[in-house]
Amino acid sequence: MEMALLSHDSRILTINSGSSSIKFSLYEMGKEEIRLLKGKLDRIGVGDGSLEVEDDRGNRLITRELDLPDHETALEALFDWLKDQDVGKDMDAVGHRLVHGGKDHMRPERVSSALIREVKQLIPLAPDHLPHEIRAMEAVFNHFPKRLQVACFDTAFHGRMPEAARRYALPERLTREGLEHYGFHGLSYEYILGELTREAGTDETPNKLIIAHLGNGASMAAVQAGRSMDTTMGLTPAGGLIMSTRTGDLDPGVILYLLQQNRMTPSEVNDLINHQGGLMALSGISGDMHDLIDRETTQEQAALAVKMFCYQARKFIGALAAVLGGLDTMVFTGGIGENAGRIRSRICEPLEFLGIHLDERLNRQHAAVISEENSPVTVRVMKTNEEIMIARHTNEFLMDG
């Protein structure tokens, strides 16, 4: 598709599709990057659907109950609403977050029918994510057949991990099928690294960096000289740390036991690992860390869930620091990482042997830097922004024409 160079600031819609929801933002990209709108299409395919949109100041523009039987209907509802809004009339492009790019998609790419066919081949690697993301791309094609679309792969950031970190101890034929350690949250890590570089300058960017993206989905990455050296999630986003409803790492024998002894189907095991595990399973109450912190003094299982989350986080920090041969900077981001000072404190307190020394006053204030002034390791709290990374990558395609 040939495109003329734009003579105006571009307007880019970013789409992040989940199984029953779609989060979106509309950005104006020029000398400044301005988010004009953000919103969510919720309860897709499960009844009582809704469309909610806020402006850049957080003012609610619309809250509408809708019948949203599928993703295409949901996006049509959004597009119909946007075309009646001044800010939505001149949309230039759409950028998508795709959770998995497999071995071959290591950078953002223009969406085409050929790319969609290739991504469909990757569905076995991310069956809970890719089908919905593919449907979103197809829906945009159906509604705006000539509009530029760009796919931004969450695995791409980790594409240069060393082979020793990427390989599983499996026969070569399975590696060729794509069974490798990929890692996720790449757009978040890319944003954080970019902000650190922008703030400090290229020469001062941390050489030995651990980024902890802690939210409903949680992972950590070891980054050296801008390159991902290892990360906690693996073939799928279910690996690594305990998460809201995901188990994190399991002995492979657990899966065999569930299949052989409990006679569970692969679909049932998948649901258990991704939707019935994690903090929810440990607490029996909630997968939300805020709820668990509120209840840990009165409910033993809530306390256990919090304790195990912090324990695993410390364990992975130690492992990733070993990968890097030391540590210069630690960054907390994501919903828990940005907002739960008590969790940050409990993760970091036993890690003084690594040179991590928190200033608890700054930590309680959620300051940008929460380590003591003379701490060998600088500990930061940074708000991530995956959507702006999607908008930036998409805008690059517009500028290139």
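The values are calculated or read from the model by the stated rules, or taken from the named source; none is laboratory data. Predicted model, so just to flag it, every value in this text is computed and none were measured. Neighbour counts run over all protein chains shown; Cβ positions are idealised from the backbone, glycine included. Just so you know, the surface numbers come from the protein's heavy atoms only, side chains and all, with ligands and any DNA or RNA stripped out. Shrake-Rupley method; radii C 1.70, N 1.55, O 1.52, S 1.80 Å.
Can you list residue pairs whose Cβ atoms sit under 7 Å apart, with the first residue in the stretch 96-120 being exposed (fewer than 15 other Cβ atoms within 10 Å of the Cβ) and the second being of a type in the set (Gly, Ala, Ser) and modelled with pLDDT of 95 or more? Count only pairs 6 or more apart in sequence or on different chains. As it stands, the answer is ARG107/ALA156, since those pairs meet every condition given.
If you filter the stretch 243-264 down to residues that are assigned to a helix (DSSP H, G or I) and of a type outside the set (A, V, I, L, M), you find that the one that is most open to solvent (accessible area, probe 1.4 Å) is TYR257. Close contacts from the stretch 20-33, counting a first residue that is of a type in the set (Asp, Glu) and a second that is open to solvent by 40 Å² or more (accessible area, probe 1.4 Å) and in a loop (DSSP other than H, G, I, E, B), with Cβ to Cβ under 7 Å and a gap of 6+ residues or different chains, come to GLU28/ASP9. The number of residues in the stretch 71-84 that are free of Cβ contacts under 8 Å to residues at least 12 places away in the same chain and either in contact with a helix residue (DSSP H, G or I) (Cβ under 6 Å, 6 or more places away or on another chain) or not in a helix (DSSP H, G or I) (or both) comes to 2. Among the residues making up the stretch 192-217, those that are at pLDDT 95 or above, open to solvent by less than 30 Å² (accessible area, probe 1.4 Å) and in contact with a helix residue (DSSP H, G or I) (Cβ under 7 Å, 6 or more places away or on another chain) are ILE210, ILE211, ALA212, HIS213, LEU214, GLY215.
Looking at the structure I just gave you, is ILE44 touching a helix residue (DSSP H, G or I) at 6+ places or on another chain (Cβ under 9 Å), at pLDDT 90 or above, surrounded by fewer than 18 Cβ atoms within 10 Å (Cβ to Cβ) and of a type in the set (A, V, I, L, M, F, W, C)? Spelling it out, it is not the case that ILE44 is touching a helix residue (DSSP H, G or I) at 6+ places or on another chain (Cβ under 9 Å), at pLDDT 90 or above, surrounded by fewer than 18 Cβ atoms within 10 Å (Cβ to Cβ) and of a type in the set (A, V, I, L, M, F, W, C). Of everything in the stretch 7-38 that is open to solvent by 50 Å² or more (accessible area, probe 1.4 Å) and at pLDDT below 90, the residue that is farthest from HIS129 (Cα to Cα) is SER7.
For the stretch 218-235, give me each residue that is at pLDDT 95 or above and open to solvent by 20 Å² or more (accessible area, probe 1.4 Å). Write out each step before concluding.
Taking the stretch 218-235 as the starting set, the residues that turn out to be at pLDDT 95 or above are 218-224, 227-235.
Listed by number, the residues that qualify are GLN224, ARG227, MET229, ASP230, LEU235.
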